[in-house]
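Encoded as structure tokens, the structure appears first; notes follow it.
The values are calculated or read from the model by the stated rules, or taken from the named source; none is laboratory data. The shown structure was predicted, so the numbers you read here are calculated from the model rather than taken from an experiment. Here the Cβ positions follow ideal geometry from the backbone for every residue, glycine too, while neighbour counts run over all protein chains shown.
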Amino acid sequence: MPEHLTRKDRRRVESFRKLGEDLTLGAITIDPETCSGCKLCVAACAAKAIEMVGKKAEVVKDWPFCMSCGDCVAVCLDGSIKVTRFIQFKRFFRYLDRGEPQWPRRF
């Protein structure tokens with residue numbers, strides 16, 4: 001029998017409109033000194049939180065919606081990207097093990 005949330009619980013589920021209250025977004029830092037501008041991290045970012053400014057990659061300043069998946073860290077050849085904060089949900093989620101970043105799977 002499938003489990004269902006009650007109406008009371010549905011009202012408490014995290015909403016992306018309540019940033020800071022229900023969830024804290026992830027964050028990355030990019031070292032501009034070691035970034036070679038290869039654009040691999042921009043292509044790997046599913047949240048579109050990285051953009052090219054000139055010949056260097058930077059975090060989007062207006063709305064950096066980082067999910068802290070680690071794909072950009074895994075594909076960075078120069079090692080100039082670091083995850084500084086993982087996305088944190090306050091309720092209804094269980095975190096799985098976050099090991100070292102790995103190359104994306106091939107299908």
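Would you be able to tell me the number of residues in region 47-91 that are more than 11 Å from Ile30 (Cβ to Cβ) and among the polar types (S, T, N, Q)?
Of the residues in region 47-91, 2 are more than 11 Å from Ile30 (Cβ to Cβ) and among the polar types (S, T, N, Q).
Of everything in region 50-79, what is at pLDDT 90 or above, in a loop (DSSP other than H, G, I, E, B) and surrounded by 19 or more Cβ atoms within 10 Å (Cβ to Cβ)? Give them in sequence order.
Cys76 - this is the single residue of region 50-79 that is at pLDDT 90 or above, in a loop (DSSP other than H, G, I, E, B) and surrounded by 19 or more Cβ atoms within 10 Å (Cβ to Cβ).
What is the residue count in region 36-49 for residues that are surrounded by fewer than 18 Cβ atoms within 10 Å (Cβ to Cβ), small (Gly, Ala, Ser) and in a helix (DSSP H, G or I)?
Total meeting the criteria: 1.
Look through region 11-34, keep the residues that are touching a Lys or Arg at 6+ places or on another chain (Cβ under 9 Å) and of a type in the set (A, V, I, L, M, F, W, C), and return whichever of them is modelled with the lowest pLDDT.
If we take residues in region 11-34 being touching a Lys or Arg at 6+ places or on another chain (Cβ under 9 Å) and of a type in the set (A, V, I, L, M, F, W, C), then Val13 is modelled with the lowest pLDDT.
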